[in-house]
Structure formats: structure tokens, C-alpha cells
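Read-outs throughout are calculated quantities, based only on the coordinates presented, and are distinct from any laboratory measurement. Predicted model, so just to flag it, every value in this text is computed and none were measured. Cβ placement follows ideal geometry from the backbone for every residue including glycine, while neighbour counts extend to all protein chains displayed.
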Amino acid sequence: MIAAIYARKSTDQSSLADDAKSVTRQVEHARAYATRNGWTVVEAYIFIDDGISGAEFEKRPGFLRLIDALHPRPPFHVLVMSEASRLGREAIETNYALKRLLTAGVRVWCYLDDRELTLASSNDKLVLTVNSVIDDMEREKARQRTTDAMLRKARAGHVTGGRVYGYDNREVFADAAAADGHRQRLHVERTINLAEAAVVRRIFELSAAGYGTKRIAITLNQESVPAPLPRRAGRPRGWAPSTIHEMLRRELYRGEIVWNRTRKRTSWGVKRQQNRPPDDWVRRPAAHLQIVSDELWQAVQARLSASRTIYLKGAKGERGGRPVNGVDSKYLLTGMATCGCCGGSIHVRSRSHGRRRAFFYGCMTNHLRGAAICGNALMAPMVAADEAVLDVIAQDVLDPEIVTNALEKAIAALRPNPGNLDGMRAELTASLRRLEEELARLTEAIVAGGGSLPTLTAAVRDREDRKLRISHELAALERVRDVTRLDVPRMKQDLLARLSSWRGLAMRHVSEARQMLRTLLEGRLVFTPIKDGAVRVYEFSGQAALGRLLSGIVLPKGVVAPTGFPRRWTWAPFRSPVKQPRDRFRLHRFLMPL
């Protein structure tokens, strides 16, 4: 019996050591519970969400990987959690998630009360629904308590969030020490940071003088002015146009605290920023926090208002430019490639080229923040880059010999020993027959009234539970037995036909090519500029996995890859000749050991 583990904690504990985190303890206890029951925990099937609300289901990475693992067939038989609320704290979504697990054949156990979650009867569904509603109500009460505390702090002028550029957060403690000898922290106040306040005033002065947000960001980066810390780890620290945009509209700089302008979550608990009506805003004057004079603030807002009017006229009244329409990008590599110098995204730019426009791939960080943050200003012609990537994918990743060889190895690893299967099946069938006989005798005893009714009922439930467990194990054996009946020649023929179709579509249609790349790539392609003599060129590298190509497409329904498969192949550097050096494109070839 293969066991998976799911652990979740709503509060972010990134500042704690791994062994002190709640999710770490949940995994340890779940692992011990699985061992006591004779189940084997596979490391690849430990799913963790740390610092994510139970009401969030669409942007919970660990939960999404857990649900994705159910298709086409789950590679584990049991899921262990601390309690049902770890799966979610929104009644409807939680019940649906549990239904998906159970209908996929996965048994769900909670180690805190040693109980299996089932939906076998109306009573089970009622109990689960009531518990889910209670969890949902507890989440709502916690939200109300937090809102009430934040409202009290906002009205008192205290800090209700993180640090704001231009200010320092100062903790205020009680005068007397508590019983443990430590003074209690009462609240947090803001004080002006003189060095950062001078930068804020300069940003407003540049804006009033006619500088745009991009030009201000590049100017500050060129002068090495310290910028706020990036929100996401691994990103370069530097000024961005979006940062300048927010600072120019922050009313705290003119000495007024504004709280509750937006809400972070919907009524369903989903994390989505939404504007609140002005009547819900809490305003409080804070003259001691004013950094920008009233005259400078009004001058900047007037210029921004005039610029917005001109922009909306050019954008036909649409805020934010072209509205989002849900259509995938029409460029092959956007969202799938990063800069090897700074880790920023690779985006598309264009410029006039005679009577037509020429399109190029380049580093977005360099374009928006300037050379002081990322010096990669190299532009790769889009057509040459797309053809190079697709050529290498077609020749090396989708090479028929490589893919069929991987298929043979996958099937060989999945094929069981027929003798062992027959023995296990005979043993389980005999156990199932004995349980059915015991259930028949217990039923007769209940009808005859011979014995304690609670004792007989408990015995029936125990046998029914063991019977259900053995039925699951027999079904799992049948799925494994299906592997011995695979028609490998036919599968190879179907696979080669599919590969031929994919290679043809990839060269003609961008949408199909993007879908293919999503299936094959592990992470993003990395584009790194290098010097080749007197010419600067691009190399790209990345990782590919054939497992997702095979799983659910070639392997029959019910067959899952064994532990450790699919293997990953790292694209190792191998420079090939460049036919046209002016294209500034050189590529990493794929060396894929099998």
C-alpha cells in the first residue's frame, strides 16, 4: 500500500527553521501513522502548502499537484492528513475535493482521530458536510477578528501591514515586564527614514518635471539609489516602473493614512485583490508622517491626471490598455524563457524594418529597469529563435528512437512478476471469502437476537471495513496485471504517428507549439548571452521530461509510472555551427543519456 501525505498551514512560517514549522510536524506525524498501519510513504507523494489559506484552491501548488496526480490513475492508494480541514476550509470546494480523491480510488485517513473519511452513505455525507461548514465558519470568524483588530489599529494610526519605503517601523512595548520577564509588544508605529524620504521627494519632483515612471526607474538605477526589496526571492533588487507608479499614488506621503481601500479575498475566500467602495475607507490625518508637500503632491496628481486622459483617448477609453481576453500568447517563447543574467522574463519587442515591423526577444528587466540592474541588452530575432528551439525539440527531444527507447524502459519497469501477482491475488481472494462468511454469520446472529446488539454491530462494521480494503487491493492488482497485456508494437506505432503530427503542427501553429512545450519542458528555457569572437550571440538551455508525454497518452488507462520515472534530461552545451551569424543566435543541443 503506497501512502501519500498532504500538509497545510495557513500562516506563513518562512522565518522559522524547517524542524519548527507546523507542516514539518504534520508530515512527521503522518509518516509515523502510515508506518504503524504498514503503508509505505514515497517522498515524491508528499504534498505541502505552507502559508496558504484553506479557502484557496486555485493557487495552492501542493494541492494542485495532489489533484493532478490522480490522472490518469493515482500512483498511491492512501492519503494521510492531520484532519479534514487541512484539505480545505470552504465547505463546497472541500467536499468536492474529497469526492475527487475517493472516486479516483484513494482512501483518505486523518491521523488525529484515527478516522477514515468516506462518502459511502448519506450519514457519511451529512457528517462531512457539517464538519466542513464548521471549518468554514471558523475561517470566517478568524477573518472577522482580524478585520476588527486591524480597524482598531488603523484608527489609532498604528501600522497595519508591512514596511513602506520612506519609513521605519518602530515597536512600542509596555512599561512593565510580564511574569516571564519580557515586556509585551503593544503596537508598531511608523517613523520617517530621512535617507529614504529624500528619495521619495526626488521621485515626486522628477514626475512633476515630466519624467515618466520608466524613465524615473532607469535614472534611479543608473545612480545606484537603494530600492525596496523585491517581493519575490531571486529577483534583482532595483527600481521598476510599477514601483514608481504605486509610490506616486500613495497618500501616506502627503500625511494621510488610508486603510481598507482594497480587500485581498472574495466572499469565497479566494485570494483576489478587489477595490472597496470609498465609504468603507478609513482615513486619518498623520501630519507627522508627511514627506511630500501639498503643492508638490497636487502638481504630480495634476500631471498624472492629464497623462491618463491622453492615454485613455489613445486606448479608446480602455483602462490598462488592451483588455484581457483569455487568449494565449501569439508568440512562442513568452512566459517560457528567462534571462540567464538576471532571471527576468524574456519578452517580445518590435521596431520598424522598412515597410514591415521586425520582432525580437529580449530581457524585460533590462528594458524596464535599465542596464544598471541587468546589462543584457541583446535582442534575438524572433523567427530565428523560434526555429532554433523547435528544431532542437524536434531533432533531439522528439526523436523517435529516443522516445520509443524510453517507452520500452518504462514498460519494463512497470511489468510485474506474474507469479507474485497470482499468489497475492489468491491470498486476498481467500481473505475476502472468509470475511463474507463471517459477515453472513454475524447477520444471522443479529436477526436471531442472540448476543449484544452493539457488539455485533461493531463486528459487522469492522468486517465491512476490512472487506472494502481488500477490494481496493484486488482492484490495484488488476491494474498492475494490465501492464502484462500491453501491445508494445501497437503502442510504438501510435506514438510515432503522434510524434509526426506534433512535429508538423509545431512548425505551423504557435498555439500547438506552446502546448507541446508546456508538456515537455521542466521549468523555463534560459537564454544566456555569450561572446563568439567579435559577435555576441545567445545560447539557451533547459530541462525536458518525457514522462508527461507518455503518461495518459500512450500508456493505457489505469497504468501509472513507477517511482522515479519519468527521468529528467538536462540539456548539455554542444555548440553547432551558425548558418547566419547576423541572426545572433546559437543554441545548446540536447545530449540525452538513456
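With 26 Å as the limit, write out which pairs from LYS59/LYS99; LYS59/LYS153; LYS125/LYS264; LYS9/LYS141 have Cα-Cα distances beyond it, or answer none. Please list the in-between numbers first.
Working: LYS59/LYS99 20 Å; LYS59/LYS153 30 Å; LYS125/LYS264 32 Å; LYS9/LYS141 17 Å.
LYS59/LYS153; LYS125/LYS264, as the Cα separations exceed 26 Å there.
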Note on the stretch 2-144: contact order normalised by length, alpha-carbon pairs under 8 Å, 6 or more apart, percent, works out to 25
Run the quick spin-label model on ASN275 and HIS472: label points 7 Å from Cα toward the beta carbon, then report their separation in nm to one decimal. 5.0
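Can you tell me the order of 158-170, 427-439, 72-84 when each peptide is scored by its average per-residue count of other Cβ atoms within 10 angstrom, highest first?
72-84, 158-170, 427-439
Return the FRET efficiency for the residue pair VAL282, ARG237: r is the Cβ-Cβ distance, R0 is 30 Å, and the value is rounded to the nearest 0.05.
Working: r = 32 Å, r/R0 = 1.07.
Working from the Cβ atoms, E equals 0.40.
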Would you mind classifying the stretch 2-144 by shape? Square roots of the alpha carbon gyration tensor eigenvalues, ordered a ≥ b ≥ c; an a/c under 1.5 is rounded, otherwise it is prolate if a/b is larger than b/c and oblate if not. rounded
Which distance in nm do the two modelled labels at THR129 and HIS158 give, with both placed 7 Å along the Cα-to-Cβ direction? 4.2
Return the distance in nm (one decimal) between the two label points of a simple spin-label model at ARG355 and HIS29, each offset 7 Å from Cα along Cα→Cβ. 7.4
